[in-house]
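See below for the structure under consideration.
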Amino acid sequence: MTKIVTFPSPGGGASPAKARPPALATFRKVDKIFKNQVMALSGLDLEIRTGEFLSLLGPSGCGKSTVLRLLTGLAEPSRGEIVWSCERPQFGFVFQEPTLMPWSDVFTNVWLPLRLAGVSKEKARPQIEEALTQVGLSAFAKAYPRQLSGGMKMRVSIARALVTRPQVLLMDEPFAALDEITRLKLNDDLAELQSSLNATVVFVTHSVFESVYLADRIVVMAARPGRAFAEISVEAPPIRSEGFRMTAAYAETCRRTSAALHESMGETPASELSQ
Amino acid sequence: MTRDDLVGYAVPAFTLGCGLAFWEGVVRWYAIPPYLLPAPSVIIATLFSDWGTLSSSLWVTLTITLKALVAAVIGSVTLAIIFAQSRLVERAFYPFAVALQVTPIVAIAPLLLIYLTPALAVLVCAFLVAFFPLLANTTLGLSSADHNLVDLFAMYRASRLQQFTFLRLPSALPYFLAGLRISGGLALIGAIVAEIAAGSAGQGSGLAYRIVESGFRLNIPRMFAALLLISVAGITIHVFLTALSHWLLSDWHESERGREG
Ligand SMILES: Nc1ncnc2c1ncn2[C@@H]1O[C@H](COP(=O)(O)OP(=O)(O)OP(=O)(O)O)[C@@H](O)[C@H]1O
Ligand SMILES: [Mg+2]
C-alpha cells in the first residue's frame, strides 16, 4: 500500500552518494486514527535521518502536522511504531502562527522552554541572547509581540525553539502566513542557520519551491489516508543561497517534486500534459 | 492636546451645555414649580445645601458597591479556578449557574430582606448581581488559552502549576477585566435596587434611600441631586475600572491598541 519511490539523482557532475546518515527515528507502518474515526495516517513508513533537513510536502489534510505531533509524543500511533535510535531527543517546535505569549516581552517568550525546565532568568540569559542573535533580534529583547511585524514574530518563535539547543527542530508551515518577500528572506536565514546548527530539521510545507530550496530530502505525502508517496533527494551545495535558485538542478528538482505532488493528488502533472 | 482632541472634547461638552440650557429655559419660561421639575441650577444649589447628608449617603453607597465587588472578585475567581481543574466539577455546578444566571437577581432582594438584616441584604444583593458575569467570563478565559501554546507547554513537560500560572491565568486576564467592568456597573445597580426595597421599610442611609425618602417628602430637587450623585458614582466606577484595565493590558492586548497613539 505504501510505496516509496526514490527518484534517481539528477545526472551530470553530481557527487557520488554521500555516506547515508544513520536513522534518528523510523516510522514503521504507523496508523493514526482519531476518536472521530478520521484516519489521518495509514501505514506510514518514514525515516528521519540524523542531521538532515527533511521536508514533508503534501496537500492539506494528508497528516503532516500529525507526523510532527507523533514525533514529539503529543500523540501516540494507533498502530505501528516509531523507533528512536537514541533516547527521545530535545525538540524545538515552530508553528504556522508565531504562537507567542502576547503578555510577555520577547526575552520572556524566548525564555519559556528554559523557564519550564526550571532555569532562572539570569542563568538562561546567555542562551536567550544567543538565540536572539541567531535570528537577528538581539535589539528587540524588550519589545512586546504586538510591536513586531509578522516576520519578526516568526523569528522570535524560531529563537524560542532554538533556545534549548534542540537536536531536532520541527517546523509546521512556519512561513505560510508571511508575505513572499519576508518568506524568501527567512528561507535564506534558515538555510544559513541550519548549516551552523547541527540539528535535524523536519520542515512541513505546502510550497514546492520552499522545500526544494531548503531540504536535503523531500518526502511527498498523499492524502486520504495520509501516507508517504514519493521521496526526492535534493542535490545542492551544502549551504544554500540565492544563487541556487538560478541553477538548472534547482529547476529540475522543482519540476520533479511538483510532478510527484500532483501525482500524489491523483492528477496528471501539467508538465507531462504539455509534452 | 491636538486640534482633534479639542474638538473631541468640545463637541460633547457643547451638546451637554445646550441640553442643560434648554432644560433651564423650559423650566423658567413655563414657570414649572420645582416640586414637578426642578431646574438644573436648583439641583446644583440643593447639592450644595444638602451636601452633608448627600455626601455621607454617597459614601455609604460607594462602600457597599466596592465591598460587594471585591467579594464577587474573590468568590468568582476562586470558583472559576476550581471549575478549571475539572470538567466534572464544572458540570456539577452547572444547574445552579444556569438557574442563577437566567434569574434577574434583583428580584430576590425582597427575599433577602426577610432572611438578613437590611444592611447585609443590600450587600448580598449587590454581590450576587456582580458575581455571575465575573464567574462566567473568568471561567471562559481560563479555558481559552491558545491550544498551540497548550501543546507547546505539554511538549516541554510543563507542570500543571506552570501551565496555570504562565499560560491560563494571563490568558484569562482580558476576559476577567471585561467581566469586572460589567460587574462594577451591576454591583451599583444591585446595591441601589436592594436599598430601595429596604428603604421602603425605613432602613438604610445610602443614596437610594435618600431618593425614596425625598420622594415621600416631595423634595424633588433633592431627589434629582441624589440621582446625579448616583450617576457620578457609576461614572467613577466605570472610569476607575477602565483605567485599571488599560493599565494592566496596555502592553499587549488588542482591545487597548491605539490608545497610546
Ligand atoms: N485532533 C484531531 N481530531 C480529529 N481529526 C483530526 C485531528 N487532528 C487532525 N485531524 C484530521 O486528520 C487529518 C490530517 O490532519 P493534519 O493536521 O495532520 O493534516 P496536515 O497535512 O497538517 O494539513 P494542513 O496542511 O491543512 O495543515 C485531517 O483530515 C484532519 O481533519
Ligand atoms: Mg498542518
- Message: Criterion first (within 14 Å of chain B (Cβ to nearest Cβ), more than 16 Å from ligand 1 (Cβ to nearest atom) and open to solvent by less than 10 Å² (accessible area, probe 1.4 Å)) does A:PRO113 satisfy it?
- Response: yes
- Message: Taking the criterion of being of a type in the set (Gly, Ala, Ser), more than 21 Å from A:MET39 (Cβ to Cβ) and in the same structural domain as A:PHE27 (by TED's automatic domain parsing), would at least one residue in segment A:217-227 satisfy it?
- Response: no
- Hey, can you tell me all the residues within segment A:86-110 that are under 22 Å from A:LEU41 (Cα atoms), open to solvent by 50 Å² or more (accessible area, probe 1.4 Å) and modelled with pLDDT of 90 or more? A:GLN96
- Only listed residue being within 19 Å of B:THR236 (Cβ to Cβ) and in a helix (DSSP H, G or I), chosen from B:ALA198, B:ALA208, B:ALA154, B:ALA194: B:ALA208
- Message: With open to solvent by 50 Å² or more (accessible area, probe 1.4 Å), in a helix (DSSP H, G or I) and not aliphatic (A, V, I, L, M) as the only criterion, which of B:SER214, B:SER231, B:SER171 stands out?
- Response: B:SER231
- Item | Residue pairs meeting the criteria (Cβ under 9 Å; at least 6 apart or on separate chains; first farther than 16 Å from A:PHE27 by Cα, in segment A:217-234; second within 12 Å of ligand 1 (Cβ to nearest atom) and open to solvent by 30 Å² or more (accessible area, probe 1.4 Å)) | A:ALA223/A:SER60; A:ALA223/A:GLY61; A:ARG224/A:MET39; A:ARG224/A:GLY61
- Query: How many of the residues making up segment A:55-81 are away from chain B (no Cβ under 14 Å) and within 15 Å of ligand 1 (Cβ to nearest atom)?
  - Reply: 13
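The values are calculated or read from the model by the stated rules, or taken from the named source; none is laboratory data. The shown structure was predicted, so the numbers you read here are calculated from the model rather than taken from an experiment. Virtual Cβ from ideal backbone geometry, glycine too; neighbours counted across all protein chains shown. Accessible surface is based on the protein model in full, side chains and every heavy atom, while ligands, DNA and RNA are left aside. Shrake-Rupley method; radii C 1.70, N 1.55, O 1.52, S 1.80 Å.
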